[in-house]
Amino acid sequence: MAATNNTIAIATVDLSKRFNHVTALDRLTLSVARGQIFGLLGPNGAGKSTTIKILTTLLEASSGRATVAGFDVAADPIEVRRRIGYVPQLLSADGALTATENLTLSARLYGLHGARLTTRVREALAFAGLETVAHKLVRTFSGGMIRRLEVAQATLHTPEILFLDEPTIGLDPVARRTVWERLQQLRHSQGMTILITTHDMEEADVLCDELAILHQGRLAVIGQPEALKAQVGPEADLADVFAHFSGAVIEQEGYYRGIRQSRGTIQRLG
Amino acid sequence: MLDWLYESAAVTDTEVRKLARDPTELLSRAVQPVLWLAVFGQVFSHVRGIPTGSLRYLDYMAPGILAQSILFSAIFYGIAIIWERDLGIVHKLLVTPARRSALVFGKAVAAGLRGLVQAAVVYLVAIALHVAIRWEPLPMITVAAGVFVGSCIFSTFSLVIACIVKTRERFMGIGQLLTMPLFFASNAIYPLDIMPDWLRGIAAFNPLTYLVDALRGAMIVGGHSVYGDATSFGIMLLVFLLLLALAARLYPGLAR
Ligand SMILES: Nc1ncnc2c1ncn2[C@@H]1O[C@H](COP(=O)(O)OP(=O)(O)OP(=O)(O)O)[C@@H](O)[C@H]1O
Ligand SMILES: [Mg+2]
């Protein structure tokens, strides 16, 4: 069931996820165009990781639909998996293995073998800038090296779409930049669509073509960084946008709701 | 099918590399069988408190202790799985198109290989204590096969539990809770005949019983199997397949 619309990489319709009593994701509807770097922003617990996990087939949605690379995540998870890469929120390369071993395992699980596997692993090491430490255990690596390894690992099979959950969290400014460069490189050389989540406004500004801000599982706003800034005010930066569309707005809403409620109480009393 | 084997082999290869790199755990797990055989086995051999026919008690219990060491190390396999979950390694495996059953099978095979190394250590201890070991090729292959399948069973069982409890604390509790009954409700250190009926009933449903039975028939001079290899291995393979199917279903839940 390939998508008719070839310009859309990711589309969700009313996507929701409930964990017992917590609504982690509440009727999320959005689409991401091919070749974009798309940023998912939002405070802790906003539902960013939940969204990524549903889109990468790790988690089933409670309701709603999602299409990734033209395939429905619930109906055709294997087709989706063949076409995506995923870098989890935690640094998750296996520390007890070398860089090469980490890459080889992923390459094999993506069905690569023979000369193609060898070539792709070598290219991945070069891409990550880890040729000289290819046979060192990953537990001896710095955070930046591990992240570059993970990006390389997630793109061994040249996926159409790459998902990264807070790719630069905990990295120093230099390491952060090298990760950004790698992502931009992937987009330019392969036209890869990239979806990242981040708390870092600079990252969102530098890297992303389009942003969505989630709050308490709901889509607060979606748009290009410049458009969002303009919407908030002439001097506004992304931090203002973020505050406006997540914390601040909700505080206001709570305030209004508070007034309405107390009014209701007064009316009843009256 | 070939793809499935290739994926399994990829996982096994990775696991074996990790084991080879860190053999300390493997060696430390050898301490327990040494204690059982050297202390418990020696003492009860002298007491003659347990009827083992013409066999010395030490010889009688050696296969049981081999099976025990397999059980005790395989049952903590799930800890490693929970560890991998906490690190996000499980998530990385699960976003690949690799079949879930292949991932789980690959891990089981690695546990099987590790069981063989462990068996070699138990053999060394047994030799040192002058246990009457059979050295003919066919019985030794039977022992190796039993050790391998037994390790696969208990490691996969452990993985299933890990998928259900998901946290290390709960796993440790349940792991302790399960291993002792599995061990004592089996023929590992005393014959089924001297058990009360209810316990014998439970033992008949315990895969460890069939592992011990097969090992007892093949490992020691004068030992014999009650059920016969065909029955013991048939039951063990069936249990393994059922556990494998269950594990393949539950494993993806670790990413939630
Ligand atoms: N497995 C789970 N069981 C129960 N609740 C969960 C589970 N996973 C997430 N949640 C809840 O769902 C909500 C959204 O979580 P999610 O991890 O998607 O947030 P996030 O935007 O990624 O936050 P962060 O910035 O902290 O990573 C939170 O309230 C969280 O507690
Ligand atoms: Mg998150």
Practice task
Starting from the range B:33-50, keep only residues that are farther than 15 Å from B:TYR123 by Cα, then list their pairs with residues that are open to solvent by 60 Å² or more (accessible area, probe 1.4 Å) whose Cβ atoms are within a distance under 8 Å, requiring at least 6 positions of separation or different chains.
Solution key: B:SER45/B:ARG56; B:ILE50/B:PHE44; B:ILE50/B:ILE194
Handout entry: Which numbered condition A:THR155 fails, given (1) more than 16 Å from ligand 1 (Cβ to nearest atom); (2) more than 14 Å from chain B (Cβ to nearest Cβ)
Key = (2)
Practice task
Any chance you could count how many residues in the range A:103-120 are open to solvent by 10 Å² or more (accessible area, probe 1.4 Å) and either in contact (Cβ under 8 Å) with a residue 24 or more places away in the chain or under 17 Å from A:VAL151 (Cβ atoms) (or both)?
Solution key: 7
Problem - Of all residues in the range B:74-123 being among the hydroxyl-bearing types (Ser, Thr, Tyr) and in contact with a Ser or Thr (Cβ under 8 Å, 6 or more places away or on another chain), the one that is surrounded by the fewest Cβ atoms within 10 Å (Cβ to Cβ) - result: B:TYR77
Problem - Selection count, the range B:167-203, where residues are of a type in the set (A, V, I, L, M, F, W, C), under 21 Å from B:ILE153 (Cα atoms) and surrounded by 15 or more Cβ atoms within 10 Å (Cβ to Cβ) - result: 12
Problem - Hits in the range A:34-72 (condition: in contact with a Leu (Cβ under 7 Å, 6 or more places away or on another chain), near ligand 1 (Cβ under 10 Å from one of its atoms) and open to solvent by 30 Å² or more (accessible area, probe 1.4 Å)) - result: A:LYS53
Completion exercise
Expected output for the range B:133-161 (first residue open to solvent by 20 Å² or more (accessible area, probe 1.4 Å), partner not in a helix (DSSP H, G or I), Cβ below 7 Å, 6+ apart or cross-chain) is B:ARG134/B:ILE220; B:ARG134/B:VAL221
Practice task
Have a look at A:ILE78, A:ILE84 and point out the one that is away from ligand 2 (no atom under 13 Å from the Cβ), among the hydrophobic types (A, V, I, L, M, F, W, C) and open to solvent by less than 10 Å² (accessible area, probe 1.4 Å).
Solution key: A:ILE84
Exercise for the section: Specify the residue that is farthest from A:GLU160 (Cα to Cα); the eligible residues are those in the range A:177-193 that are in contact with a strand residue (DSSP E or B) (Cβ under 7 Å, 6 or more places away or on another chain) and outside any loop (DSSP other than H, G, I, E, B). Expected result: A:LEU183
Practice task
Working only within the range A:180-222, note down all residues that are of a type in the set (Val, Ile, Thr), surrounded by fewer than 23 Cβ atoms within 10 Å (Cβ to Cβ) and over 23 Å from A:ARG18 (Cα atoms).
Solution key: A:VAL206
Exercise for the section: Report, by residue number, each residue of the range A:157-170 that is more than 16 Å from ligand 2 (Cβ to nearest atom), without any contact (Cβ under 8 Å) to a residue 60 or more places away in the chain and open to solvent by less than 40 Å² (accessible area, probe 1.4 Å). Expected result: none
Practice task
Output the residues belonging to the range A:12-33 that are closer than 21 Å to A:LEU228 by Cα and either within 16 Å of ligand 2 (Cβ to nearest atom) or open to solvent by 10 Å² or more (accessible area, probe 1.4 Å) (or both).
Solution key: A:LEU28, A:THR29, A:LEU30, A:SER31, A:ALA33
Exercise for the section: Within the range B:230-256, track down each residue that is within 14 Å of chain A (Cβ to nearest Cβ), surrounded by fewer than 19 Cβ atoms within 10 Å (Cβ to Cβ) and among the hydroxyl-bearing types (Ser, Thr, Tyr). Expected result: none
Practice task
Can you tell me which residue within the range A:93-104, out of those that are more than 13 Å from A:ALA152 (Cα to Cα) and not acidic (Asp, Glu), is farthest from ligand 1 (Cβ to nearest atom)?
Solution key: A:THR98
Fill in the blank from the handout: Scanning the range A:34-45 residue by residue, those modelled with pLDDT of 95 or more and within 10 Å of ligand 2 (Cβ to nearest atom) turn out to be A:LEU40
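The values are calculated or read from the model by the stated rules, or taken from the named source; none is laboratory data. Quick caveat: nothing in here was measured; it's all calculated off a predicted structure. Because the Cβ atoms are built from the backbone with ideal geometry, glycine has one as well, and the counts that use them run over all protein chains shown. Ligands, DNA and RNA are excluded from the accessible area calculation, which covers all protein heavy atoms including side chains. Shrake-Rupley method; radii C 1.70, N 1.55, O 1.52, S 1.80 Å.
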